[in-house]
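This report refers to the structure that appears directly beneath it.
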Amino acid sequence: MRRKPSPRPRRPGLAGRERALLVAVSVSGAAFLAAVPSMIRQFSSVLAGAVALVAAGVAVALVLRRSRRLARSLARSSARRRGLERALRERATRDPVTGLANRALLTGLLAGIRPGLTVVLLDLDGFKEINDELGHQAGDALLVQVAGRLRAALPDADLLARPGDDEFAAVWRGSAPADAAERALARLRPPYQVGGRQVHLTGSAGVVVADGQRTSAEVLRDADLALDAAKGGGKDRIVRFDAGLRTAVDRHRELAAGLRRALRDGEFELHYQPVVRLADGRITAVEALLRWHPPGGDPIPPGVFIPVAEATGLIVPLGWWVLGRACAQARAWYERDGVGLTVNVAAHQLREPDFVDRVRAALEAAGLPPAALVLEVTESTLVADAESTARLDALRADGVRVAIDDFGTGYSSLAYLVHLPVDVLKIDRTFVAMAVDTTLMRAILQLAGGLALQTVAEGVETEEQASTLRALGCEHAQGFLFSRPVRPDALEALLSGRLELGAARAG
Ligand code: C2E
Ligand code: MG
Ligand code: MG
């Protein structure tokens with residue numbers, strides 16, 4: 001049997017009031033629910049605000065604490081930095097031994113002084129010897145005492161400095177008291193106690209009064225020049241700078257530049273002075289002598305430009321030019337007349353490692369046999385350097401001969417003559433000039449004879465000198481009596497007999 005579906009259970013029935021209440025509650029619940037998100041948002045933003053506020057407060061507190069700490073540490077570290085900077089500045093500007101200003105500070109001050117200044121540059125005479133003898137500690141102690149004395153002697157100076165090892169400087173803005181340098185030197189003279197010893201010390205001083213137009217380098221250079229002049233003049237002295245001192249330096253610089261140009265532009269030439277055999281008056285050799293006549297100027301003597309060439313090292317290329325040229329010019333004279341060639345060689349050139357090869361190459365290029373060549377070197381060149389001696393020995397093995405030039409003016413010991421690679425002694429003209437008193441010349445000739453060395457007397461100007469030398473047994477001579485140094489064409493004339501020896505006396 002089919003059962004009849006039972007009716008849905010009905011909700012329990014509500015009274016109308018209850019229903020109204022339920023609707024009200026439902027509406028307000030829904031409204032409430034609808035408002036929740038915005039309430040949450042509002043609440044959370046309030047909360048977030050509060051949290052942020054607290055966090056900010058904490059952060060501010062932290063930052064404040066940190067920054068207080070930072071500030072403290074910054075203050076500490078900038079003090080440290082400033083201290084370090086000061087220390088570095090001190091080191092960069094102060095001499096650590098004496099506490100005086102150093103060269104950097106000195107030049108800085110000199111650069112900034114307008115309109116003028118006075119500098120006294122002092123150098124201690126003989127300090128190096130004392131320092132070597134007593135040791136560096138005692139040397140430093142002595143420098144400290146010197147600094148103290150200079151402070152006491154020159155309280156009015158604007159700056160006291162120790163720009164170099166045993167060099168001190170005092171600077172005044174404008175002019176200094178006239179007796180400043182004298183006061184300083186006087187203070188230095190009383191004895192010092194160092195390392196349990198009493199030592200004596202003097203100083204030399206160069207004084208410069210400069211206007212504001214000069215650079216600090218120029219002022220110091222002038223002070224150096226004056227100081228050099230003081231030291232050169234016998235120490236414990238004062239020299240005040242004047243333009244004459246500077247001229248020498250400018251001249252040196254000018255000559256050096258001129259030499260470079262002359263080498264480049266081929267302004268040099270060679271003159272040749274005959275070397276004559278005294279027994280028969282025959283020319284046996286010629287000495288190549290360098291001549292420089294700058295275009296548009298006066299000739300400059302070798303005594304002036306050779307020292308500059310040596311000081312600048314230009315003597316090396318110049319020397320090679322001389323050797324090459326002289327060998328080439330002398331070949332014909334050697335082949336035709338059996339006349340040898342002597343060439344001056346500077347110490348610098350001899351120290352070149354390829355010296356031997358280059359001499360050989362010059363001979364070969366000119367077709368001149370080694371036996372035709374004599375290299376002239378000075379005593380000091382030979383004595384100073386074992387390697388140079390070895391180089392000369394190598395060339396002697398080829399047949400080249402070596403002469404000592406200006407003998408008697410250099411090294412004072414004669415013992416070295418036995419060991420050195422020498423074949424010829426060229427006796428300096430100062431001995432020839434003394435030929436009236438023949439004692440020295442006789443002794444030199446005897447010495448040369450004992451060592452089987454050839455002799456050439458230099459600077460023979462009179463018949464009397466020539467005959468004295470002949471009588472004493474000197475073999476060869478060179479000098480204005482026979483001929484001045486002459487151009488190659490004049491030498492040709494002498495060699496061919498077209499010109500008589502003695503006719504070229506006047507040059
Ligand atoms: P030195 O090698 O002793 O040359 C001899 C110098 O004496 C030459 O001077 C010559 O002119 C001069 N003289 C010759 N006879 C007489 C005389 O009877 N009386 C007087 N009072 N003097 C005389 P110079 O040519 O002026 O050369 C001077 C020096 O320059 C040379 O002395 C030499 O040391 C150097 N020199 C010249 N040419 C060269 C060179 O090519 N290379 C190097 N390194 N030095 C050179
Ligand atoms: Mg010579
Ligand atoms: Mg000479």
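The values are calculated or read from the model by the stated rules, or taken from the named source; none is laboratory data. These numbers come from a predicted model, not from an experiment. Positions of Cβ are backbone-derived with ideal geometry, glycine not excepted, and every protein chain shown enters the neighbour counts. Protein only, heavy atoms only, side chains kept; ligands, DNA and RNA dropped before computing areas. Shrake-Rupley method; radii C 1.70, N 1.55, O 1.52, S 1.80 Å.
Scanning segment 441-453 turns up at least one residue that is open to solvent by 40 Å² or more (accessible area, probe 1.4 Å), without any contact (Cβ under 8 Å) to a residue 12 or more places away in the chain and not small (Gly, Ala, Ser). Looking across segment 203-231, the residues that are more than 23 Å from Asp179 (Cβ to Cβ) and either crowded, with 19+ Cβ neighbours inside 10 Å or more than 20 Å from the chain's Cα centre (by Cα) (or both) come down to Gly212, Gln213, Arg214. For Arg251, are the conditions met, namely being open to solvent by 60 Å² or more (accessible area, probe 1.4 Å), modelled with pLDDT of 95 or more and away from ligand 1 (no atom under 12 Å from the Cβ)? It is false that Arg251 is open to solvent by 60 Å² or more (accessible area, probe 1.4 Å), modelled with pLDDT of 95 or more and away from ligand 1 (no atom under 12 Å from the Cβ). Ala311 passes every criterion in (1) surrounded by 17 or more Cβ atoms within 10 Å (Cβ to Cβ); (2) closer than 27 Å to Asp250 by Cα; (3) not charged (D, E, K, R) apart from (1).
Yes/no per residue for (1) within 20 Å of His200 (Cα to Cα); (2) assigned to a loop (DSSP other than H, G, I, E, B); (3) open to solvent by 30 Å² or more (accessible area, probe 1.4 Å); (4) modelled with pLDDT of 95 or more:
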{"position": "Glu85", "(1), (2), (3), (4)": "no, no, yes, no"}
{"position": "Thr107", "(1), (2), (3), (4)": "no, no, yes, no"}
{"position": "Ala111", "(1), (2), (3), (4)": "no, no, yes, no"}
{"position": "Leu124", "(1), (2), (3), (4)": "yes, no, no, yes"}
{"position": "Lys128", "(1), (2), (3), (4)": "yes, no, yes, no"}
{"position": "Glu133", "(1), (2), (3), (4)": "yes, no, yes, no"}
{"position": "Gln137", "(1), (2), (3), (4)": "yes, no, yes, no"}
{"position": "Arg151", "(1), (2), (3), (4)": "yes, no, yes, yes"}
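With respect to (1) at pLDDT below 95; (2) among the charged types (D, E, K, R); (3) within 30 Å of Glu335 (Cβ to Cβ), the lone exception for Arg401 is condition (1). Annotation: of all residues in segment 261-283 being aliphatic (A, V, I, L, M) and more than 30 Å from Ser467 (Cβ to Cβ), the one that is most open to solvent (accessible area, probe 1.4 Å) is Leu263. Annotation: of all residues in segment 279-321 being assigned to a strand (DSSP E or B) and among the charged types (D, E, K, R), the one that is nearest to ligand 3 (Cβ to nearest atom) is Glu287.
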